[in-house]
1. Please go through the range 21-125 and write out the GluC sites (Glu not before Pro) that DSSP classes as loop and that have at most 15 other C-beta atoms within 10 Å.
2. Using the eigenvalues of the Cα gyration tensor, what equivalent ellipsoid semi-axes result for the range 1-45 when each is taken as the square root of five times the eigenvalue, whole Å, largest first?
3. Could you work out the percent of alpha carbon pairs in the chain separated by over 18 Å, rounded to a whole number?
4. List the trypsin sites (Lys or Arg not before Pro) within the range 23-125 that DSSP assigns to loop and that have no more than 13 neighbouring Cβ atoms inside 10 Å.
5. Residue 52 versus residue 93, label points 7 Å from Cα toward the beta carbon: distance in nm?
6. Can you tell me how much longer the chain between residue 121 and residue 21 gets when fully stretched, taken as 0.36 nm per residue apart minus their C-alpha distance, in nm with one decimal?
7. Per the helix-only calculation at 222 nm, which mean residue ellipticity applies to the chain, given -39500 (n - 2.57) for every DSSP H run of n ≥ 4 and division by its residues, nearest 500 deg cm²/dmol?
8. When only Cα pairs under 8 Å and 6 or more residues apart are kept, what is the percent relative contact order across the range 2-124?
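Nothing in this text is a laboratory measurement; each read-out follows from the coordinates by a stated rule. Note that the coordinates shown come from a computational prediction; the quantities given were computed from them, not determined experimentally. Please note: Cβ atoms are built from the backbone with ideal geometry, for glycine as well, and neighbour counts cover all protein chains shown.
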Amino acid sequence: MFTYLYVAIGGSLGAVSRYLLSNWVNNKAQSIFPFGTFSVNMIGSFIIGVFYIVSMERLVSPELKLIISVGFLGAFTTFSTFSLETLNLMRENHILTAFINIGLSIIIGLIAAWLGIIIGKLLVN
């Protein structure tokens with residue numbers, strides 16, 4: 001029963017964090033490019049990389065793994081919003097911007113996760 005509570009706690013914190021950060025970034029950027037969603041997805045990719053290494057070294061409890069990996073990061077990052085925003089860009093004939101969003105999200109997301117893993121290894125050692 002506590003498993004669901006841990007996921008819910010992390011999820012609620014992740015969802016609120018995503019909402020606040022995404023809105024803040026979008027207000028600052030004022031662009032057709034969905035910088036808010038892009039930012040939270042890249043930050044989430046980096047955090048999951050760090051957390052993956054730290055949790056592999058058993059430096060965190062199983063409960064904290066649920067709170068952060070499943071709950072917080074599951075709610076913080078948002079592939080569904082990325083998909084909808086990209087389709088809306090295409091629908092509004094911003095085809096190049098849509099494909100830039102796709103390419104950057106994949107490439108920088110992978111780089112962010114990789115950098116997170118490197119940072120995680122440095123923190124553990």
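1. Qualifying residues, ordered by number: 57, 92.
2. 27, 10, 6
3. Numbers: 4443 of 7750 pairs.
The answer is 57 percent, as a whole percent.
4. Answer by residue number: 58.
5. 4.1 nm
6. Computed gain between residue 121 and residue 21 is 33.3 nm.
7. Working: 6 runs with 101 residues, N = 125.
Using -39500 (n - 2.57) per qualifying helix, the result is -27000 deg cm²/dmol.
8. Numbers: 157 pairs, mean separation 50.9, N = 123.
Once normalised by length, the contact order is 41 percent.
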